[in-house]
Amino acid sequence: MALKADLRHFLDEEGKLLALTEQAKTVFKFLSKIVSSVSERISKRIEQPIVDIDLVAVNLKCNTRAEQINCEGDIEAKCINLSLIEWHCDSCEAAGTISHWQGSLWDKQQHTIH
């Protein structure tokens, strides 16, 4: 089953991290690392489109999303549309999406002010 995460569920109205349980902190750390890695890659990309870029090899192991997971696979991710990041493990069936990440503290895109 895919993990569908809305980054806003971990944040307060000001975009700061809520007081979370240890398990939720582990999941958030996992998701925010994916957001940082993918958005940084988008920011470095010169040509369009900014969506559906090549997979980003996130410096993250599958087992970092929860203590009881034994998989040693690597996480890969990409932005599949303007507001959705899709990730998966290269070894097991773990996968998911992250929405509402743009504009968060973990969004590394370079924004242009007009």
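The values are calculated or read from the model by the stated rules, or taken from the named source; none is laboratory data. Remember, it's a predicted structure, so these values are computed and weren't measured experimentally. Neighbour counts run over all protein chains shown; Cβ positions are idealised from the backbone, glycine included.
Side notes on the structure shown:
- Region 13-39 residues that are over 14 Å from Asp107 (Cα atoms) and surrounded by fewer than 19 Cβ atoms within 10 Å (Cβ to Cβ), paired with ones that are of a type in the set (Val, Ile, Thr) and at pLDDT below 95 (beta carbon under 8 Å, 6 or more apart): Thr26/Thr64
- The residues of region 60-104 that are surrounded by 15 or more Cβ atoms within 10 Å (Cβ to Cβ), of a type in the set (A, V, I, L, M) and either touching a Gly at 6+ places or on another chain (Cβ under 6 Å) or assigned to a loop (DSSP other than H, G, I, E, B) (or both), listed by number, are Ile69, Ala94.
- Scanning region 90-99 for residues that are modelled with pLDDT under 95 and not polar (S, T, N, Q) returns Asp90, Cys92, Glu93, Ala94.
- Summed over region 5-41, residues that are in contact with a Phe, Trp or Tyr (Cβ under 8 Å, 6 or more places away or on another chain) and of a type in the set (Asp, Glu) total 0.
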